[in-house]
Amino acid sequence: MNKDWFKKYFNLYHEFLFDHTVYDKLIELKNMIIDTNQKGKKLIFLGNGGSAAISSHVAVDLSKNAKIRAINFNEAGLITCLANDYGYEEWMAKAIEMYGDQGDLIIIISSSGKSLNVIKAARAAKKKGITVVTFTGFEIDNPLKKEGDLNLWLNCRAYNIVEMVHQMWLLSICDVIIGNAEYSPQ
C-alpha cells in the first residue's frame, strides 16, 4: 500500500463531488424539502446498514439545525416488531403505512437500490401520495431508482464511496437550507 492508492481513492470522491450535473438535482431536492416543510408535512428517511446511519444523521441535523421536521425508522423496537410480524422485506412498507401521510417526502438511501424492503417502501409511499426521492449507486437501472420521483445516482460500485457521497450530498442540502456551512449548534 502506498500514497498512490490513497490519491486514486480520494480522486474518486473528487470526481463525484465536483460533478456539476448533480447540482440541479440537489437544488431541486432542497426546494422539495422546503416546500414539504412549509406545507406542514414531514420528511421520512430510510436505509439499511450504513444508509440507515446516514438516514439518522441527516434527519437529526435537518430537525435540530435547519428546523425541518424529519424522522427516520431506525428504532430497534420498531424494526424488530415489524420485521418479526410482517417479514424483513415488508417492515419498511408497514412503517410507512403507520407513520406516512399524504404530502410527506421520503428519501430512501440504498447503495445498490436492490434491497426488496426499500423497493417495497417506495411503492408503499407512492400509494399514500408521498413523493419518493432515491439516493442510489451501482447500476443505473436499479429497481429503487425506477420508483423515484427524483433520483440522485452515483456511477460507482464501491460501497463506502457511494455511502459517503450520499451523506455529503444530503448534508450539503442541510447546510444550504441553514445558509452557512459553519454555525453553532443550537
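Rule-based calculations on the coordinates, nothing more; no lab input. Keep in mind that this is a model prediction, so the values were computed, not measured. Backbone-built Cβ (ideal geometry, glycine too); neighbour counts: all protein chains shown.
Descriptive notes on the structure:
- Helices of the chain meeting both criteria, an alpha-carbon length of 18 angstrom or more along the long axis and an average Kyte-Doolittle score not below -1.0, with helices taken as full DSSP H segments, are 3-17, 23-38, 50-64, 159-178.
- Translational D in µm²/s for the stretch 1-99 (Stokes-Einstein at 37 °C, 0.692 mPa s, Kirkwood Rh from C-alpha pairs): 204
- Net charge dipole, the chain: roughly 140 debye, given to the nearest 20, about the Cα centre with Cβ charges of +1 for Lys and Arg and -1 for Asp and Glu.
- Potential lengthening of the chain between Lys64 and Leu78 amounts to 2.8 nm, from the contour at 0.36 nm per residue minus the alpha-carbon distance.
- In terms of surrounding Cβ atoms within a 10 Å radius of their Cβ, Trp5, Trp153 rank from fewest to most as Trp5, Trp153.
- Per-residue ellipticity at 222 nm computed for the chain from its helices equals -17500 deg cm²/dmol, with DSSP H segments shorter than 4 residues left out and the rest contributing -39,500 (n - 2.57).
- Hydrodynamic estimate: the Kirkwood radius of the stretch 82-124 over Cα pairs, inserted into Stokes-Einstein at 25 °C and 0.890 mPa s, corresponds to D of 230 µm²/s.
- Residues whose amide H lies under 5 Å from that of Asn72, counting only those 5 or more places away or on a different chain, are Phe45; hydrogens are built 1.01 Å from N in the peptide plane.
- In the chain, a dipole from Cβ-located charges (positive for Lys and Arg, negative for Asp and Glu) runs towards its positive end, and of Ala53, Asn180, Ala124 it is Ala124 whose Cα lies farthest in that direction.
- Relative contact order (%) - the stretch 3-178, alpha-carbon pairs under 8 angstrom, separation at least six: 22
- Magnitude of the charge dipole, the stretch 121-186, Cβ model with Lys/Arg +1 and Asp/Glu -1, debye to 20: 440
- Across the stretch 30-102, the mean sequence separation of Cα contacts (distance under 8 Å, 6 or more residues apart), normalised by length, yields a relative contact order of 25 percent.
- Cα extents for the chain along the principal axes, largest to smallest and rounded to whole angstrom: 50, 35, 28.
- Full extension of the chain between Tyr86 and Ile34 gives 15.4 nm of extra length, using 0.36 nm per residue less the Cα-Cα distance.
- In plain terms, the residue of Glu90, Glu15, Glu182 with the fewest other Cβ atoms within 10 Å comes first and the most crowded comes last, giving Glu182, Glu15, Glu90.
- Simple label model, 7 Å out from Cα along Cβ direction - Asn180 to Phe6, nm: 3.2
- Of Lys67/Lys127; Lys25/Lys146; Lys126/Lys146, pairs whose Cα-Cα distance is over 20 Å: Lys67/Lys127
- Spatially proximal aspartates and glutamates relative to Lys94 (Cα-Cα < 19 Å; intrachain offsets below 8 disregarded): Glu75, Asp85, Asp104, Glu147
- Residue with peak Gaussian network fluctuation, the chain [Cα springs, cutoff 10 Å], from Thr36, Thr131, Thr80: Thr80
- Mean Cβ count within 10 Å, highest first, over the residues of peptides 156-166, 22-32: 156-166, 22-32
- Fewest neighbouring Cβ atoms within 10 Å first, the residues Asp175, Asp19, Asp141 line up as Asp141, Asp19, Asp175.
- Normalised contact order of the stretch 59-154, rounded percent, pairs of Cα under 8 Å and 6 or more residues apart: 22
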